[in-house]
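Beneath this line is the structure, given in C-alpha cells, with notes to follow.
Every number here is computed from the coordinates shown, using simple stated rules; none is lab data. Note that the coordinates shown come from a computational prediction; the quantities given were computed from them, not determined experimentally. Ideal geometry is used to build each Cβ from the backbone, glycine not excepted, and the neighbour counts take in all protein chains shown.
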Amino acid sequence: MAGVEGRVALVTGAGSADGIGFATARLLQAKGAKVAIASTTDRIFERLEELGGNQDETYAKTADLTDSAMVTSLIEAIEKNLGPVDIVVNNAGMVQVGRDEPGTLLHETSEESWRYSIDINLTSVFSLLGPCYRA
C-alpha cells in the first residue's frame, strides 16, 4: 500500500472490531496515513482507542451517511482535525447495527425496506463522495 503516508483517509463502516472497515483503517494507519473512521454507533470510539495514535493522526465520529447534513458535518470535522480527505474507503452499507432488517425474498420486500437498502448501500456513497471531492 504505497503512497498513503501523510494522507488523510476516511474509512466508513469501521465500527466492528472484526470487520473489513476497521482492518482497513489499521492497515492505512500502519502505512502512515492519518485515519478518520465513522460508523452509525458509538462503538466507533472504542475502535478509535484501539487505533491509539494521537489527535493529529486519528479521528472518529458517528454519522448516518444517508443524512446529507451528517455527511457534511463529518467531512467538515475531519478537515478541521486532520486536513482534507485524500482517500475514501466507502465500506459502510449492507447492514446497520441497531436496526433489525430481516432478509426477505425480493417479491416479499416492502417498499420501505427496499428504499432503506438503496439508501444505505447507494445513496450513502453518492452523499459522501460529493463533499469529499468538491473542488
Sorted peptide list for 7-16, 39-48, criterion being average Cβ within 10 angstrom, highest first: 7-16, 39-48
If you average the sequence gap of Cα pairs under 8 Å that are 6 or more apart and divide by the length of the stretch 8-132, what percent do you get for the contact order? 28 percent
If you fit an axis through the alpha-carbon atoms of helix 68-81 and take the longest principal axis of the Cα set of the chain, what angle between them do you get, 0 to 90°, nearest 10? 10 degrees
Mean ellipticity per residue at 222 nm, deg cm²/dmol - from DSSP H runs of n ≥ 4 across the chain, formula -39500 (n - 2.57): -11000 deg cm²/dmol
Of Ala60, Ala30, Val89, which is farthest towards the positive pole of the stretch 1-108's charge dipole, taken about the Cα centre with +1 and -1 on the beta-carbons of Lys, Arg and Asp, Glu respectively? Ala30
Dipole magnitude of the chain, debye to nearest 20 (Cβ charges: Lys/Arg +1, Asp/Glu -1, about Cα centre): 480 debye
